[in-house]
Amino acid sequence: MTTKERLTKAFEELAVTQDVDRITVGEISERAGVMRATFYNHFRDKADLIGWGMRQNILYPVREKMRKKDYRGAVERLFRLLLQYKAFFIAISAMEKPFTLEHVLVSNLRAVMYENLEEREISFSEHVWLKPQLICDIYAQLLSSIIITWISRGMETPVEKVCDLIEYLSVHSVQTVLKESRDGTIAGRFS
């Protein structure tokens, strides 16, 4: 196991037993069996550590499905991997500023989505709103909001239902979603 992996595992173990905001770099380093300065050789701060762990353990394993354009499969894999770390994500969802789970999720989801686009060398419109960075940011924020809501509700909603919701939101306009919400037809889709 690499030093980065040991530090990440140590933080994950600490996070499920105590207040995440109170965990110190010293505690993480001690549990990982390294000097405090070693932490800073690998990470800037706890958010950087969380982001690295999230990319390694959750987002990078999803990339293969993204490469194959299996987006539904990628989203399902993402949520199933999050579920494997349920206690950890519920614990870190309580993090407060300067490092919120939303910040860590959005920045890392955006980065992985953008890497996927760069690998595929997709050309984009010259339209100012259709730039790859903005598209990735919008989808990263949407996905992050859904993930955070799911975590805040104890991650109890089945992965398939969450994926159905994401797929529904991706192909329907806000107007349609609101109309179906008002007239009750949306409830049948996700109950």
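Contact order for the chain, expressed relative to its length and based on alpha carbon pairs under 8 Å spaced 6+ residues apart, stands at 19 percent.
Computed per residue of the chain from DSSP H runs no shorter than four, each worth -39500 (n - 2.57), the mean residue ellipticity at 222 nm is -21500 deg cm²/dmol.
Once you list every other residue whose beta carbon is under 15 Å from the beta carbon of Thr176, what net charge do they have if Lys and Arg are +1 and Asp and Glu are -1? Combined, the nearby Lys, Arg, Asp and Glu give 0.
Residues Thr185, Thr8 in ascending order of nearby Cβ atoms (within 10 Å, fewest first): Thr185, Thr8. Distance from the Cα centroid of region 21-55 to that of region 138-191 is 34 Å (rounded to whole angstrom). Here the chain is assigned +1 on the Cβ of each Lys and Arg and -1 on the Cβ of each Asp and Glu. Its dipole about the Cα centre then comes out at about 220 debye.
What trypsin sites (Lys or Arg not before Pro) does region 69-118 have in DSSP loop regions with at most 15 other beta carbons within 10 Å?
Details: sites: Lys69, Arg72, Arg77, Arg80, Lys86, Arg110; in loops: Lys69.
Counting only loop positions with at most 15 other Cβ atoms within 10 Å, the trypsin sites (Lys or Arg not before Pro) in region 69-118 are Lys69.
Listed by chain and number, the lysines whose alpha-carbon sits under 26 Å from that of Lys86, ignoring those within fewer than 8 places in the same chain, are Lys4, Lys9, Lys46, Lys65, Lys97, Lys161. Positive contributions from Lys and Arg (+1) and negative ones from Asp and Glu (-1), summed over other residues with Cβ under 15 Å from the Cβ of Glu156, come out at +3.
Readers should treat all values here as calculations from the given coordinates under stated rules, not as data from a laboratory. Bear in mind that the values here come from a model prediction, so they are computed numbers and not experimental data. When we count neighbours, we look across all protein chains shown, and the Cβ atoms used for this are built from the backbone with ideal geometry, even at glycine.
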